[in-house]
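Encoded as structure tokens, the structure appears first; notes follow it.
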Amino acid sequence: MYILGLTTLGDSAAALIKDGQLIASVEEERFSRKKHHSGFPYNAIRFCLDHAGIELKDVEHVGHYWKPWILRHKAMQAAKAALVSKEMFKARADRGVAQVSDSYLGMFKHPKRLREHFGPSNLKFHFIEHHQSHAASAFFVSPFERAAVLTWDGTGEDTTTLFSRGRGNKIEVLKRIKLPHSLGQFYSAVTNFIGFDMFAGDEWKVMGLAAYGEPKHYDFFREKVLTTNGHGDFKFNIRVLDHHLAKHYQFPDGIVRELGPGRQKGEELTQHHWDIASSAQKALEDTAIYLVDQIKEMTGEENLCMAGGVAFNSVMNGRIIHETPFKNFFIQPAAGDAGCALGSAYYVWNQILDKPRDFVMTNAYWGPGFTNEQCRKALEEAGLKYETLADEMLLPKVAKMIADGAIVGWFNGRMELGPRALGARSFVADPRRRDMREILNHKVKLREWFRPLAPSMLEENGREVFGVEHHDPFMITVIQVAEQYKDKIPAVVHVDGSARPQMVNRDANPRYWNLINEFKKLTGIPMLLNTSFNVQEPIVCSPQDAINTFNNSNFDALVLENNLVLRKGSNE
Ligand SMILES: [Fe+2]
């Protein structure tokens, strides 16, 4: 039985499962080449169907990650905002009207849209609550028979934080926190206060900058903005910092009195901004830990699954793993809304159809893959000279080039699901070179100096590098690097001594494991610097995308499966 799962607004995506096994899942942005593509995921659906060799008529059920009729709570929030200020009401009402007319009500037409575009089908269409899709995306593909499940994001229909418990093939909702109390909206509002752009997904930048600051304003954030009350709840005080006003870069007097005016775009980043980032990050972490402790108390479970945009905060995740009483953790690589496509498909299979669970997500490689022949055809069409080498020749050669300073575009197997490149569409470079971070950020990726870069490393070497075992195949937790190791890999150690490693399992990605191992043989270092293969655009998907990026930017070599292209003038 085939089930399709869909995310159809921000970070649109599709997923296809067959008899409970994941077959394919991909974000629409990889095809449309528009970051965070919002809209019906036609291309992603087409890929899923083609990959399985089926048509829409073969799909029996479709799970959709949102219930468009839950709008009452949002309308209430807009009405309440009118009591606070005219600006606040306007910011909410404008957005509310636009959302109702264009986006949410449009969801009712999705079944028709599907049939018009992909042909007739008797499929049954299920609208599933957003946070339950998130919860399903985490628990149903986790290795756990039972677990506490915590999902948190900007907002779903009205819920921003959901406490649930998963047992076998069912998830039971225990408690909800609703708008305006939202950890995601808090963090996005801070993002804009520091002069970045929440709509571009700039929350990563706040987390990166936080390590450079001191949490000088922590008390202000915890006492006035994000408070906890001893009953397992948190409150986001929108009179002091409001997400909707922040979208328009407007900030209430309450925060301006304490922190001064928000930073203008392009204004110089100073210690003051780093301190704000550090304070907000710590406020988020401590609130999160408080909530995790609550769900532990509520469930008594040993395992914790997390999803929702907030679960991308890898520094927060690192603290949750080390400071809360849960023994085991699972976050899948598309923890944000794209993963809801996967979640809603599994919600239908397990929760609605009551089928048993028989799938664990051990890797992220669910997107398109290309043969050597397809890669060569693209290279020939682009007029690029290449050399085709068997892995025994290619991998040592590429490892040597990296050790000699080359930055390599590495295109290998099926593309990753989720925002992290995990060795399928990655730039790889030498982590030992102190200047490599700056070269990559400035010259290749054309982005801010403070963005940390992360290592992909052999899973077997965790203890040597961190002093403890660490198992995170999806690069979603930050961990401190062992003191004696920090100087060996300066390009991938953040200013606070931490790293966000991908632990590469030999079975999950043998070619990537082997490449890293070849680098280890040459240098003694069991890791490569890894950052996503893209320059100011979505991660490359096809050989053609990779070639375009190679032609338009500044890195030394391109590996398309077994085909190696060297940039003229680069040192081999
Ligand atoms: Fe979400």
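The values are calculated or read from the model by the stated rules, or taken from the named source; none is laboratory data. Quick caveat, the model's predicted, so the values are computed rather than measured. Reconstructed Cβ throughout: ideal geometry from the backbone, glycine too, with neighbour counts over all protein chains shown. For the accessible areas, the whole protein counts, side chains as well, though only heavy atoms, and no ligand, DNA or RNA atoms are used. Shrake-Rupley method; radii C 1.70, N 1.55, O 1.52, S 1.80 Å.
Residue ranking by accessible heavy-atom surface, 1.4 Å probe, largest first, among D50, D430 comes out as D50, D430.
Here, P(r) means the percent of Cα pairs in each 10 Å bin from 0 to the largest distance; for the chain it is 4, 18, 28, 28, 17, 5, 0. Annotation: Y187 carries an accessible surface of approximately 10 Å², with a 1.4 Å probe and no ligand, DNA or RNA atoms counted. Post the alpha-carbon centroid distance, the stretch 425-461 to the stretch 479-522, in whole angstrom. So the two Cα centres are separated by 11 Å. With the whole protein complex present, M401 retains an accessible surface near 10 Å², based on a 1.4 Å probe. Simple point charges give the picture: +1 on the Cβ of Lys and Arg, -1 on the Cβ of Asp and Glu, and for the chain a dipole about the Cα centre of about 980 debye.
Give me the percent of the accessible area of the stretch 490-572 that comes from carbon and sulfur atoms, probe 1.4 Å, all protein chains in place.
Here carbon and sulfur together make up 39 percent of the probe-accessible area.
For K18, a cut-off of 20 angstrom between C-alpha atoms picks up these aspartates and glutamates, skipping any fewer than 8 places away in its own chain: E27, D50, E55, D58, E60, D354, D358, E416. Per residue, the average separation of C-alpha pairs within less than 8 Å and at least 6 apart gives the chain a relative contact order of 16 percent. Among the protein heavy atoms, those of E203 account for about 40 Å² of accessible surface (1.4 Å probe, every chain in place). Rolling a 1.4 angstrom probe over the protein heavy atoms with all chains in place gives the stretch 386-514 an accessible area of 37 Å² per residue.
Sorting E373, E459, E438 on solvent-accessible area from highest to lowest, probe radius 1.4 Å, gives E373, E438, E459. Annotation: aspartates and glutamates with alpha-carbon distance below 14 angstrom to K224 (same-chain offsets under eight excluded): D242, D253, E258.
Over 25 Å between Cα atoms: which of K67/K170; K86/K109; K35/K265; K35/K216 fall into that group? Long pairs (Cα-Cα over 25 Å): K86/K109; K35/K216. Straightening the chain between K57 and K521 buys 161.9 nm, computed as 0.36 nm per residue apart minus the Cα-Cα spacing. For the stretch 180-330, carbon and sulfur atoms together expose 49% of the accessible surface, with a 1.4 angstrom probe and every protein chain in place.
Annotation: per residue accessible area for the stretch 311-362 equals 33 Å², rounded to a whole number [probe 1.4 Å, protein chains only]. Largest to smallest in accessible area, the residues D197, D19, D358 fall in the order D358, D19, D197 (1.4 Å probe, all protein chains included).
Taking 26 Å as the straight-line reach from the Cα of K486, the lysines in range (excluding those fewer than 8 positions away in the same chain) are K205, K282, K400, K443, K445, K520, K521.
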